[in-house]
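Notes to accompany the following structure.
The values are calculated or read from the model by the stated rules, or taken from the named source; none is laboratory data. Keep in mind that this is a model prediction, so the values were computed, not measured. For the accessible areas, the whole protein counts, side chains as well, though only heavy atoms, and no ligand, DNA or RNA atoms are used. Shrake-Rupley method; radii C 1.70, N 1.55, O 1.52, S 1.80 Å.
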Amino acid sequence: MEYKEIPLERIKVGAYNLRGEKAAAKNPSLERLSTSISQEGLLHLLGVIDNGDGTYTLVYGHRRYWAITNYLQVAMPKVPVRLISKADADEVTAIRTALAENNPDLRRNLNPIALAKKLRTLRDNGLNNRELANAVGFEKAGSVTDVIKLLDLEPEVQDVLIAGTLSISYGRALLPLIDNPEQQLQALAEIQKLPKEERSVRRAEKIVRGIQTGSGWYCLTLELPKETKLQELPNDRHKLSIEFATVTQLREALSYILEHNTDPPLTFITPQQEPGGKAA
């Protein structure tokens, strides 16, 4: 490995900025990072490719680069870098290097649509789904394809995902409607109508299936103790788990449920109805 100091002004930000140039430049943590660099020095060098014309393309270390550029240009006109060899300077290899450097926080620094665009670009540049899944922390390689498919959702749906109003999981729930824009927007509207305390990905999936098939589903409403914590079981959509600290607490919870739900309401819900069964 070769190391040297080069003028900051000769470094170019290229295609290897995995977070996106604007996102990196506007990150609110950059000022704190610049303070750390000023006090402790650049503990992790920038990785660059020598372009052979006196300029260098940045491969990794973009947050450090922007922190120095925005706050420390006068104090650090030159920066220490690691030169990536010509043998490792082809596009795919350089992207793999950037992924290895950035994978701990690549996923959490991008909104779902930005992540989808980045994954598509990386896959178009020769990386396979397994490499990309490892880089962003997906257990299944096929999840990469699902995220990239988000780019085929309607712009209105993408805007909601970008804004963070709905998470990436809701975007995936809408994928079965990807070829029907009208149904997609209908499902989005129904999901957004749900009160936040009743909104879940499982509910979104039911709405999507109801719109696809024209059918609905039954909803059993139970009155539960206020302190009861419920969790949908991921592998069984027809069961709920009840958390408790002692057997006594469980018995009290079960007794409460039996006493307060002698004739629990069973409501049939269609995709065009509100959770309470009232027509939208």
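Annotations
- Taking amide hydrogens as placed 1.01 Å from N in the peptide plane, the amide H of Tyr60 sits under 5 Å from those of Gly47, each at least 5 positions away in sequence or on another chain.
- Carbon/sulfur fraction of accessible area - segment 132-187, other protein chains in place, 1.4 Å, %: 46 percent
- Estimated at 0.36 nm per residue, the fully extended path between Asp159 and Ile257 surpasses their Cα-Cα distance by 31.2 nm.
- Out-of-range pairs (alpha-carbon distance over 30 Å; input Lys4/Lys140; Lys12/Lys140; Lys193/Lys226; Lys86/Lys118; Lys149/Lys226; Lys78/Lys117): Lys4/Lys140; Lys12/Lys140; Lys149/Lys226; Lys78/Lys117
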